[in-house]
1. Enumerate the lysines that residue 96 could reach by cross-link, defined here as Cα to Cα under 20 Å, with residues fewer than 8 away along the same chain left out.
2. If N is the number of residues in the chain, what value comes out of its Cα radius of gyration divided by 2.2 N^0.38 Å?
3. Once you have the Cα-Cα distance between residue 35 and residue 16, take 0.36 nm times their residue separation minus that, and quote the gain in nm to one decimal.
4. Please turn the phi angles of the stretch 159-167 into ³J(HN,Hα) values with the Karplus equation 6.51 cos²θ - 1.76 cosθ + 1.60 (θ = phi - 60°), one per residue in order, whole Hz, x for glycine and proline.
5. Starting from the Cα-Cα distance between residue 72 and residue 47, subtract it from 0.36 nm times their residue separation and give me the gain in nm to one decimal.
6. For Cα pairs less than 8 Å apart in space and 6+ apart in sequence, what is the mean separation divided by the residue count of the chain, i.e. the relative contact order in percent?
7. Run the simple label-point estimate for residue 65 and residue 190 please: 7 Å along Cα→C-beta, distance reported in nm.
8. To the nearest Å, what is the center-to-center distance of the stretch 173-193 and the stretch 1-61, using C-alpha atoms only?
Amino acid sequence: MTLTLDTLRERVGDCTRCPLAETRTHVVFGEGSPTASVVFIGEGPGEVEDETGRPFVGPAGQKLDEVLGAVQLTRDMVYITNVVKCRPPGNRVPSKDEMSACFPYLEAQIALINPGLIVSLGNTPTQWLLPDVDGITKIRGSFLPWRGSMRVFPMFHPSYLLRNPQRTKGSPKYLAWQDIQRVREWIDANPRA
Ligand code: URA
């Protein structure tokens, strides 16, 4: 059987590779364009995502839609997933063991989509992909080389923007709006064949 995102999703099935399987309702695999040039990676499903099986559909997802919309991007133009596919209880940060257990799925998704750019949302996905980098406040908005020709572009997590709604110069929201414009410019400069 040829591996595609759909067949990978079937293989993930009702995964029991880590203890998150015991408390989750749905595996949240990811969604969007299988030929997207940009993949957005969050931390892990929250409550609404766990209920629906879809990534970023709760309050953080609405904020992400708003950020994308600011540069005329829609969810179907990109691919959206998380470092872990199952909700950590109480929305805690996933453990290293949980992220390790789930990483083959993310790696396979990235290999199948083969994006040029990965937008990592917040510290958790950023430091998972690039363990030696500084915190998100320092490195957001930079294009960091990853596995050869790919780039990781860290941005603030939408939940952080929800907690910091002010939009004054230099605020998280102001910086996120600048960053998403860089993503848009990157997409325009790197159209998929
Ligand atoms: N937060 C995340 O990191 N991912 C989601 O899918 C939802 C909220």
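No value in this document is a laboratory result; all are computed from the given coordinates. Here the structure is a predicted model, which means the values were calculated and not measured. No Cβ is skipped: glycine too gets one built from the backbone with ideal geometry, and neighbour counts run over all protein chains shown.
1. Reachable lysines: 85.
2. In units of the globular-protein estimate, the chain measures up at 0.97.
3. Extra length from residue 35 to residue 16 when fully extended: 4.0 nm.
4. Couplings: 5, 5, 5, 5, 7, 10, x, 5, 10 Hz.
5. Extending this stretch completely gives an extra 6.3 nm.
6. 24 percent
7. The two pseudo-label positions are separated by 2.7 nm.
8. Between the Cα centre of the stretch 173-193 and that of the stretch 1-61, the gap is 24 Å.
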